[in-house]
């Protein structure tokens, strides 16, 4: 392993965890797709091959990015943000609808789809990190300072919220944390929170007053998910997937049913994505589930450590944002599968069946490794200069 790691720069622990998870995802995707075979046809190998293609694309992107100087990430932040806005607007009007949500863009000729919000999450985190650095001396001012930061956050989250409320909420919360770390005055953060709640209530009120306008096309879905979880016994059929998820975790016991021997995955939609954790626990058991949680916590720790060790504030903000994003997605998936949260569409980073989410997760880790590589090079240069002067 050490021989191959010499070609990979940055943090070795992150590389090992990432590679192990990507490799392990091939096993679990092949095991967790029976429900997809029933619904859409084909064979498990078909979906395994498709996932393998995404893994290759993701790893290639991660490897390519981590060799680039992290200064280019900051320079491309503004372009990435405007590209994300363009993709979100295109998706808003022309997105492909799956399960009642128009979140996807068809990629011509290759038969693959791309979820624009996956790109927008990383683009916004990087752009906000850059703005916090550029506007650090004017954060106390509304015009030309704070509004120029909160405006892009509100715009991206509003465009995502129409079809993916959970992603919009998570992204807004992460940006809010970055604003707090960036020393934005608490009074402005409080007013932003109040204004955000008021705006959300206004949008919901408009939707209820004029439902034919389709302002929030998935509002009834969000409402039913919350109501159904509060009254599980009265909504057995509606809660079937959530109940199967909890039953799958129960069946997993200590050591699990064994690879490929899980039963509830055959009746749980999105067993390979939104309900990944339940399928994982059923087949691999409680001990493996705890180890999985520890791996994500170690990943978060290493990412945050890289950010805090940087002498560039932009890199610190970016690493913190990416670390929280990865952990929050994994945490929501676990909380949904265990019945603590209502059903929502957050899959397990690096493990769930691939697509734009997997690719952008790899890109995010590539960004972190690029920062880690620059820090390591800077320290080597400082050490060499110190010896030269001595």
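General observations
- The alpha carbons of region 237-390 give a radius of gyration and a Dmax of 19.7, 75 Å, in that order.
- Inter-label distance for residue 46 and residue 143, nm, one decimal - labels placed 7 Å from Cα along Cα-to-Cβ: 6.0 nm
- Expected 222 nm ellipticity per residue - DSSP helices of 4 or more, -39500 (n - 2.57), all of the chain, to 500: -23500 deg cm²/dmol
- Here the peptides 261-273, 29-41, 357-369 are ranked by packing, the mean other Cβ count within 10 Å, and the order with the highest first is 357-369, 261-273, 29-41.
- Label-point separation, residue 13 to residue 382 (7 Å along Cα→Cβ), nm: 2.0 nm
- Spin-label pair residue 206/residue 246, simplified geometry with 7 Å Cα→Cβ offset, distance in nm: 3.7 nm
- Using only alpha-carbon positions in the chain, the gyration tensor eigenvalues give semi-axes of 34, 29, 19 Å once each is multiplied by 5 and square-rooted (largest first).
- Extension gain from residue 78 to residue 93, taking 0.36 nm per residue of separation minus the Cα-Cα distance: 3.1 nm
- Added length on full extension, which subtracts the Cα-Cα distance from 0.36 nm per residue, residue 291 to residue 189: 33.1 nm
- Sequence ranges 125-133, 65-73, ranked by mean other-Cβ count within 10 angstrom, highest first: 125-133, 65-73
- Estimated at 0.36 nm per residue, the fully extended path between residue 68 and residue 338 surpasses their Cα-Cα distance by 93.2 nm.
- Working note: Cα gyration tensor of region 20-65, eigenvalues times five, square-rooted, sorted largest first, giving semi-axes of 24, 11, 6 Å.
- Most fluctuating residue given options 93, 314, 81, as computed from a GNM of the chain linking Cα atoms under 10 Å: 93
- Computed from the C-beta positions of residue 180 and residue 309 and an R0 of 22 Å, the FRET efficiency is 0.60 to the nearest 0.05.
Rule-based calculations on the coordinates, nothing more; no lab input. Keep in mind the model is a prediction, meaning the values are calculated, not measured. Virtual Cβ from ideal backbone geometry, glycine too; neighbours counted across all protein chains shown.
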